[in-house]
Amino acid sequence: MAHDARTAPYGNGRTSPQRENIVRIINSFGHAFTAEELVAALSDAGVSSGVATVYRALAALEETGYVARVGDRDGATLYARCETSGHHHHMVCVACGYVAPASCPVDDATIEAAARAGFLITDHEITLYGVCRDCLSAGWDGEVH
């Protein structure tokens, strides 16, 4: 189920001014972000919020599906506002951080092959990194952010 800023599932049944500010900033991004970038954006907006508070909020928002982990950048987890329901993966632009949903390429044949090999697949993560149409059109310079 897609949520907007008014119906954001704040997680753990907790709606606080700090969580509302965190959701507001997440909604303003429009691209993938790290927890540290979220803390900096909150600070730039005049909202004092510690890293631990941001991580707790992200964990709660992730549980509800409002945000998703969409890969990593320089060893830091990337998050994004996730508006697609159901099982899917993500494509992340390495130039601007734009995130788009991608259907799951793991099919029944892959799962059956694993089973024949005596392996039970319990979970998987797939993130596709590349350059989005807008960055390519703007003459992407090869810079990865």
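The values are calculated or read from the model by the stated rules, or taken from the named source; none is laboratory data. What you see is a predicted model, and the numbers here were worked out from it, not measured in a lab. With ideal geometry, Cβ positions are generated from the backbone for all residues, glycine too; neighbour counts draw on all protein chains shown. Heavy atoms of the whole protein, side chains included, go into the accessibility calculation; ligands, DNA and RNA do not. Shrake-Rupley method; radii C 1.70, N 1.55, O 1.52, S 1.80 Å.
The Cys residues in the chain with no partner Cys Cβ within less than 4.7 Å of their Cβ are Cys82, Cys96, Cys104, Cys135.
Mean separation of Cα pairs under 8 Å and 6 or more residues apart, divided by the residue count, gives the chain a relative contact order of 22 percent.
Counting only helical runs of four or more DSSP H residues, what would the 222 nm mean residue ellipticity of the chain come to if each run contributes -39,500 (n - 2.57) and the total is spread over all its residues? Taken over the chain, the calculation gives -10500 deg cm²/dmol. How much net charge surrounds Gly50 when only other residues with a Cβ under 13 Å from its Cβ are counted (Lys, Arg +1; Asp, Glu -1)? Every neighbour counted, the sum reads 0. Remark: the range 87-94, residue by residue, has Karplus-estimated 3J(HN,Hα) of 5, 7, 10, 9, 10, 10, 6, 6 Hz, where x stands for each Gly or Pro and the curve is 6.51 cos²θ - 1.76 cosθ + 1.60 at θ = phi - 60°. Taking amide H positions as modeled 1.01 Å from N, with prolines and chain starts lacking one, the residues under 5 Å from Cys96 and 5 or more places away or on another chain are Cys132. Here the range 65-145 has 52 percent of its accessible surface on carbon and sulfur atoms, given a 1.4 Å probe and all protein chains in place.
When the inverse distances between all different Cα atoms of the chain are averaged and flipped, the Kirkwood radius reads 16.7 angstrom. A convex hull fitted around the alpha carbon atoms of the range 83-133 yields 93 Å³ per residue.
The residues of the chain expose, per residue, 60 Å² of accessible area to a 1.4 Å probe. Taking trypsin sites (Lys or Arg not before Pro) in DSSP loop conformation with at most 13 other Cβ atoms inside 10 Å as exposed sites, the chain has its longest uninterrupted site-free stretch at 15-145. Which one of Gly46, Leu128, Ala109 is farthest out on the positive end of the charge dipole of the chain, using unit charges on Cβ (Lys, Arg +1; Asp, Glu -1) and the Cα centre as origin? So the residue we want is Gly46. Sparsely packed loop sites in the range 51-145 (the chymotrypsin sites (Phe, Trp or Tyr not before Pro) outside DSSP H, G, I, E and B with at most 14 other Cβ atoms within 10 Å) comprise Phe119. The dipole here belongs to the chain: it is taken about the Cα centre, uses +1 on the Cβ of Lys and Arg and -1 on the Cβ of Asp and Glu, and is about 460 debye. Each part gets one Cα centre, and for the range 123-142 versus the range 66-100 those centres are 11 Å apart.
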